[in-house]
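Below: the structure, in structure tokens.
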Amino acid sequence: MARIGIDLGGTKIEGLALGADGTELARRRIPAPRDDYRATLAAVAGLVDWLDQTIGTAGEPPGTASVGVGIPGVVSPATGLVKNANSTWLIGHPLDRDLAAALGRPVRLENDANCLALSEAADGAGANCRTVFAAILGTGCGGGLVIDGRIVTGRHASAGEWGHGPLPWPQPAGPRTPEDERPGPACYCGRQGCLETWISGTGLADDHARITGRRLTAVEVATLAAAGDEPARAALDRHADRLARGLAGVVNLLDPDVIVLGGGLSNMPNLYEELPARLAAWCFSPDVTTPIRPARHGDSSGVRGAAWLWPLET
Ligand SMILES: [Zn+2]
């Protein structure tokens, strides 16, 4: 049976169909209707219909493929309604049930960071690893956990979400941290000093702007640093140390076999050169050698993980 994966993002919706052996049969990306729940349902249904028709010509009967959907949020186990979504027009709706009704088949819905972790654990940077922790470092900061090939969702569907805990071991202002890390920047969740406000792409850009007075994107900061710009290089240095502190908490709690990074910042080579030693320095165990790898499937990991929500054997 073929499997369809949908990555429902804030600006685009990507669809992918995999054959029973995991080979890619079809793929399409469309713009996401913003601020319109009904239009979002219609767009996903249209995309699944297109994938059904396309793989139907490849020998699969239309309408029999399983459908998994990754969203930047979760379905609350308590209410069955979407929560914690930065695509705010999804919040409060029974998205999985509405999609199932529209598509005439059951639909599995998962958080996009969990889809990244599942995809990379299945046949990516975390293949053959029992415990995979994956982090998305982009506009925000998400986390997902897969153990023995299964997503750990948790009682409140919030397992792995370590971006809204505090930055560990906050430092006072000094030579390495030009600003006091306490109480830290205000976060949209209502608290101050969340890890996300320091280690996401937005956090990196904000840190650089506060110290230098120059408002640049995270990619521009990384490009400047690669060209030898000292303030940009220092911003990357602070960012790597803060990320190492955040991941040290993950290692102390879960001791994953691998840490996989996705999202825009995962393309920064300095992370793979510097993070392992920095991480080891903050961990309780004196012999930490946890590999830190970029997502092998890059931007496609979300949609691949959504397809993987339906295992081959079911
Ligand atoms: Zn927060």
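Of all residues in segment 189-216, count the ones that are more than 12 Å from the ligand (Cβ to nearest atom) and either open to solvent by 70 Å² or more (accessible area, probe 1.4 Å) or not assigned by TED's automatic domain parsing to the domain that holds Trp162 (or both).
Of the residues in segment 189-216, 3 are more than 12 Å from the ligand (Cβ to nearest atom) and either open to solvent by 70 Å² or more (accessible area, probe 1.4 Å) or not assigned by TED's automatic domain parsing to the domain that holds Trp162 (or both).
Which of (1) open to solvent by less than 50 Å² (accessible area, probe 1.4 Å); (2) in a helix (DSSP H, G or I); (3) within 17 Å of Leu137 (Cα to Cα) does Gly160 not meet, given it meets every other one?
Of everything listed in (1) open to solvent by less than 50 Å² (accessible area, probe 1.4 Å); (2) in a helix (DSSP H, G or I); (3) within 17 Å of Leu137 (Cα to Cα), Gly160 misses just condition (2).
So Pro231 fits all but one of (1) in contact with a Ser or Thr (Cβ under 7 Å, 6 or more places away or on another chain); (2) touching a residue at least 24 places away in the same chain (Cβ under 8 Å); (3) surrounded by fewer than 18 Cβ atoms within 10 Å (Cβ to Cβ); what number is the exception?
Going through the list (1) in contact with a Ser or Thr (Cβ under 7 Å, 6 or more places away or on another chain); (2) touching a residue at least 24 places away in the same chain (Cβ under 8 Å); (3) surrounded by fewer than 18 Cβ atoms within 10 Å (Cβ to Cβ), Pro231 breaks only (2).
Yes or no: segment 240-247 includes at least one residue that is more than 18 Å from the chain's Cα centre (by Cα) and more than 23 Å from Leu145 (Cα to Cα).
No.
Could you list, in sequence order, the residues of segment 139-157 that are in contact with a strand residue (DSSP E or B) (Cβ under 7 Å, 6 or more places away or on another chain) and either assigned to a loop (DSSP other than H, G, I, E, B) or not assigned by TED's automatic domain parsing to the domain that holds Trp282 (or both)?
Those that are in contact with a strand residue (DSSP E or B) (Cβ under 7 Å, 6 or more places away or on another chain) and either assigned to a loop (DSSP other than H, G, I, E, B) or not assigned by TED's automatic domain parsing to the domain that holds Trp282 (or both): Val152, Ala157.
Leu279 is checked against (1) crowded, with 22+ Cβ neighbours inside 10 Å; (2) under 17 Å from the mean Cα position of the chain (by Cα); (3) farther than 19 Å from Thr139 by Cα and fails just one. What number does that condition carry?
Only one criterion in (1) crowded, with 22+ Cβ neighbours inside 10 Å; (2) under 17 Å from the mean Cα position of the chain (by Cα); (3) farther than 19 Å from Thr139 by Cα is unmet by Leu279, namely (2).
Listed here are the residues, each with its yes/no results for (1) in a loop (DSSP other than H, G, I, E, B); (2) at pLDDT 95 or above; (3) open to solvent by 10 Å² or more (accessible area, probe 1.4 Å).
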| residue | (1), (2), (3) |
| --- | --- |
| Ala58 | yes, no, yes |
| Pro62 | yes, no, yes |
| Thr79 | yes, yes, yes |
| Asp98 | no, yes, yes |
| Leu109 | no, yes, yes |
| Cys115 | no, yes, no |
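Per-residue answers, yes or no, for (1) within 22 Å of Ala135 (Cβ to Cβ); (2) not in a loop (DSSP other than H, G, I, E, B):
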{"position": "Pro170", "(1), (2)": "yes, no"}
{"position": "Trp198", "(1), (2)": "yes, yes"}
{"position": "Asp206", "(1), (2)": "yes, yes"}
{"position": "Ile211", "(1), (2)": "no, yes"}
{"position": "Arg214", "(1), (2)": "no, no"}
{"position": "Gly228", "(1), (2)": "no, no"}
{"position": "Ala232", "(1), (2)": "no, yes"}
{"position": "Leu236", "(1), (2)": "yes, yes"}
{"position": "Leu247", "(1), (2)": "yes, yes"}
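Looking only at segment 235-262, which residues are open to solvent by 30 Å² or more (accessible area, probe 1.4 Å) and closer than 15 Å to Gly201 by Cα?
Scanning segment 235-262 gives a single hit, Asp237.
Can you run down the residue pairs with Cβ atoms below 7 Å, 6 or more apart or on separate chains, where the first is in segment 183-194 and under 15 Å from Cys141 (Cα atoms) and the partner is acidic (Asp, Glu) and within 7 Å of the ligand (Cβ to nearest atom)?
These pairs meet every condition: Cys187/Glu196.
Could you list all residues from segment 1-41 that are over 22 Å from the mean Cα position of the chain (by Cα), open to solvent by 40 Å² or more (accessible area, probe 1.4 Å) and without any contact (Cβ under 8 Å) to a residue 60 or more places away in the chain?
Residues satisfying the conditions are Asp21, Thr23, Leu25, Asp36, Arg38.
Out of Leu224, Leu137, which single residue is in contact with a helix residue (DSSP H, G or I) (Cβ under 6 Å, 6 or more places away or on another chain) and within 16 Å of the ligand (Cβ to nearest atom)?
The conditions single out Leu137.
Considering only segment 291-308, I want to know if a residue exists there that is open to solvent by less than 20 Å² (accessible area, probe 1.4 Å) and not in a helix (DSSP H, G or I).
Checking segment 291-308: at least one residue is open to solvent by less than 20 Å² (accessible area, probe 1.4 Å) and not in a helix (DSSP H, G or I).
Which number in (1) within 12 Å of the ligand (Cβ to nearest atom); (2) open to solvent by less than 20 Å² (accessible area, probe 1.4 Å) marks the one condition that Ala186 misses?
If we test Ala186 against (1) within 12 Å of the ligand (Cβ to nearest atom); (2) open to solvent by less than 20 Å² (accessible area, probe 1.4 Å), just (2) comes out false.
If you go through segment 172-190 one residue at a time, do you hit one that is more than 24 Å from the chain's Cα centre (by Cα), more than 20 Å from Leu275 (Cβ to Cβ) and polar (S, T, N, Q)?
No; the residues of segment 172-190 include none that is more than 24 Å from the chain's Cα centre (by Cα), more than 20 Å from Leu275 (Cβ to Cβ) and polar (S, T, N, Q).
Could you count how many residues in segment 29-48 are modelled with pLDDT of 95 or more and either over 18 Å from Asn86 (Cβ atoms) or of a type in the set (A, V, I, L, M) (or both)?
Count: 12.
Name the residue, out of Thr131, Thr177, that is open to solvent by less than 30 Å² (accessible area, probe 1.4 Å) and modelled with pLDDT under 95.
Thr177
The values are calculated or read from the model by the stated rules, or taken from the named source; none is laboratory data. Every value quoted in this text rests on a predicted model; they were computed, and no experiment measured them. Don't worry about glycine lacking a Cβ; one is built from the backbone with ideal geometry, like all the others, and counts go over all protein chains shown. Accessible surface is based on the protein model in full, side chains and every heavy atom, while ligands, DNA and RNA are left aside. Shrake-Rupley method; radii C 1.70, N 1.55, O 1.52, S 1.80 Å.
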